[in-house]
Amino acid sequence: MIECFGDNPDREGLVLTPARYATAMLDLTKGYFDNPTDLVNNAIFNEDGQLVIVKDINFFSLCEHHLLPFVGKIHIGYIPNGKVLGLSKFARIAEAYSQRLQVQERLTKEVADAIEKILTPLGVAVIIEATHFCMIMRGVKKLGAVTKTAWMSGLLKNDTGAREEFYALLNH
Ligand SMILES: [Zn+2]
């Protein structure tokens, strides 16, 4: 890559760059080694409850088309069906799926599917707001453009009241 850019890979500042880059990329994609079902071990509790929202989980991911970052926030809501999950585990689930080569749409669904599988709740909603560096640094150069995606299931998809409560709490 360095040669393609027209720079000299042997100059002092660049000699170790390929190794550093490889290490950094492995670090940014370490989510492939996470199994979300293991991550939540010992953090599932038998509780009844109503709508739970975990808002503003910061994440970093890599767009699989350009290997450039996209960064933003994940908001998760669910309606328990007798089981709840320790709150910090939602951030771990978000991390496991964001630290892979991703597209925002799939990341949204994968986080929702993992919660679905782990808790079998009455409904799940995942919303992601992100800025894509492949959009702001190149091509259309839309500085500040934010992409929003949503995935909903169960009551949070089909019950208007539940969905409105979710949005009301989210925007509060
Ligand atoms: Zn991209």
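Considering the alpha-carbon set of the chain alone, what are its Rg and its Dmax in angstrom?
19.0, 63
Would you list 84, 103 from fewest to most Cβ contacts within 10 Å?
Exposure proxy ranking, most exposed first: 103, 84.
Of the DSSP beta bridges with both residues in the chain, give the percent that are antiparallel, rounding to the nearest 5.
Antiparallel: roughly 95 percent of the beta bridges in the chain.
Tell me which residues come under 5 Å, amide H to amide H, from residue 81 once H is placed; ignore anything under 5 positions away on its chain.
Result for residue 81 returns 122.
Using unit Cβ charges (K, R positive; D, E negative) and no other charged atoms, how large, in debye to the nearest 20, is the dipole of the chain about its Cα centre?
Dipole about the Cα centre, nearest 20: 280 debye.
Net charge around residue 136, counting only other residues with Cβ within less than 15 Å of its Cβ (Lys, Arg = +1; Asp, Glu = -1)?
Net charge in that neighbourhood comes out at +2.
Could I have the simple spin-label model distance between residue 1 and residue 134, label points 7 Å from Cα toward Cβ, reported in nm to one decimal?
With each label point 7 Å from Cα toward Cβ, the separation is 1.4 nm.
Work out the charge dipole of the chain with +1 on the Cβ of Lys and Arg and -1 on the Cβ of Asp and Glu about the Cα centre, then indicate which of 128, 14, 96 is farthest towards its positive end.
Farthest towards the positive end: 128.
Residue by residue through the stretch 88-101, what is 3J(HN,Hα) from phi via Karplus (6.51 cos²θ - 1.76 cosθ + 1.60, θ = phi - 60°)? Round to whole Hz and write x for glycine and proline.
Ordered by residue, 3J(HN,Hα) equals 5, 5, 5, 5, 5, 5, 4, 5, 4, 8, 7, 8, 8, 6 Hz.
Cα centroid distance between the stretch 84-149 and the stretch 1-80, in Å?
So the separation of the two Cα centres works out to 11 Å.
Using the number of other C-beta atoms within 10 angstrom as an exposure proxy, rank 1, 135 with the fewest first.
In order of increasing Cβ crowding within 10 Å: 1, 135.
Throughout, read-outs are computed from the coordinates displayed, never taken from laboratory work. Here the structure is a predicted model, which is why all the values come from computation and not from measurement. Using ideal geometry, Cβ is built from the backbone for each residue, glycine included, and neighbour counts are taken over all protein chains shown.
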